[in-house]
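The values are calculated or read from the model by the stated rules, or taken from the named source; none is laboratory data. Everything quoted here is computed from the prediction, not taken from an experiment. Neighbour counts are summed over all protein chains in view; Cβ atoms, including those assigned to glycine, are modelled from backbone coordinates with ideal geometry. Heads up: the accessible areas ignore ligands, DNA and RNA and are worked out on the full protein's heavy atoms, side chains in. Shrake-Rupley method; radii C 1.70, N 1.55, O 1.52, S 1.80 Å.
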Amino acid sequence: MNINARIEIIRGDITRLDVEAIVNAANTSLLGGGGVDGAIHRAAGPELLAECRTLKGCPTGEARITRGYNLPAKHVIHTVEPVWLGGRKNEDILLANCYRNSLELASRNRINSIAFPAISCGAYRFPLERAIRIAAREAQEFLKFHDFPQRIIFACLDDKTYQEYLKAI
Ligand code: APR
């Protein structure tokens, strides 16, 4: 099947998506924050934070899976993306690792559908086009060699991000 047929780009709030897993743009503490991290914790409820506490944090570039609690999604995959520091501190590799490690967790847990926000493109100030190109490349590469996840959804809150994904996919 054509790889791009398994990738969807949508406008909307990731916390409302009825998919099996949504990805959280978290920080190394995994104890919540602003942006999509804040929105996911608000929608999932306090039990999400309680489970996150048991994980004792997560290094940048890696991912951890929890339940989704009050979210429509069954799971949350928390990944810790790099802060943009100008591009000479391995930011591209670390961001690519976030996608690869999140997709690895989805594959290992045989998750059918996974939605990503534009991780690192908000508070962490990663240049949008550069980050989206990495997201698209990693998603397409992963789907070439894996049956799970069956579907990858990129959930965009704003039109600029949405247009960038359309260009990249
Ligand atoms: N649904 C979909 N996308 C969202 C939502 C939402 N509900 N809320 C925010 N976004 C988008 C933003 O518009 C941006 O494009 O997610 C992208 C990532 O923005 P941030 O949430 O600011 O994440 P990031 O740039 O990776 O910074 C992560 O911020 O909230 C803290 O704890 C978090 O320290 C971490 C840092």
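Some points to look at:
- Annotation: of all residues in region 58-73 being open to solvent by less than 10 Å² (accessible area, probe 1.4 Å) and not hydrophobic (A, V, I, L, M, F, W, C), the one that is farthest from Ala106 (Cα to Cα) is Gly61.
- The lone criterion from (1) within 16 Å of Val80 (Cβ to Cβ); (2) within 16 Å of the ligand (Cβ to nearest atom); (3) open to solvent by less than 10 Å² (accessible area, probe 1.4 Å); (4) assigned to a helix (DSSP H, G or I) left unmet by Ala136 is number (1).
- Residue check, Asn112 away from the ligand (no atom under 13 Å from the Cβ), under 23 Å from Ile153 (Cβ atoms) and touching a Pro at 6+ places or on another chain (Cβ under 8 Å): yes
- When Glu51 is tested against (1) closer than 28 Å to Glu91 by Cβ; (2) touching a Phe, Trp or Tyr at 6+ places or on another chain (Cβ under 9 Å), exactly one condition is not met: (1).
- Given (1) surrounded by 20 or more Cβ atoms within 10 Å (Cβ to Cβ); (2) more than 14 Å from the chain's Cα centre (by Cα); (3) within 14 Å of the ligand (Cβ to nearest atom), number of the condition Leu128 does not satisfy: (1)
- Within region 108-129, residues that are without any contact (Cβ under 8 Å) to a residue 24 or more places away in the chain reach partners that are more than 7 Å from the ligand (Cβ to nearest atom) and not in a loop (DSSP other than H, G, I, E, B) with beta carbons closer than 9 Å, at six or more positions or on different chains, in the pairs Arg108/Ile65.
Condition check ((1) among the hydroxyl-bearing types (Ser, Thr, Tyr); (2) at pLDDT below 95; (3) within 21 Å of Ile111 (Cα to Cα); (4) open to solvent by less than 40 Å² (accessible area, probe 1.4 Å)) across all residues:
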| residue | (1), (2), (3), (4) |
| --- | --- |
| Gly34 | no, no, no, no |
| Arg42 | no, no, no, no |
| Leu48 | no, no, yes, yes |
| Arg53 | no, no, no, no |
| Gly87 | no, no, no, yes |
| Glu91 | no, no, no, yes |
| Ala96 | no, no, yes, yes |
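- One residue stands out among those in region 1-23 that are surrounded by fewer than 22 Cβ atoms within 10 Å (Cβ to Cβ) and among the β-branched types (Val, Ile, Thr): the one that is nearest to the ligand (Cβ to nearest atom), which is Ile10.
- Tally of residues being part of a loop (DSSP other than H, G, I, E, B), within 20 Å of Glu51 (Cβ to Cβ) and either at pLDDT below 95 or within 13 Å of the ligand (Cβ to nearest atom) (or both) across region 73-85: 1
For (1) surrounded by fewer than 17 Cβ atoms within 10 Å (Cβ to Cβ); (2) assigned to a strand (DSSP E or B), each residue gets a yes or a no:
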| site | (1), (2) |
| --- | --- |
| Leu105 | no, no |
| Cys121 | no, no |
| Ile132 | no, no |
| Pro149 | no, no |
| Ala155 | no, yes |
| Lys160 | yes, no |
| Gln163 | yes, no |
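- Residue match in region 76-86 (condition: aliphatic (A, V, I, L, M), farther than 27 Å from Asp18 by Cβ and in contact with a Gly (Cβ under 7 Å, 6 or more places away or on another chain)): no
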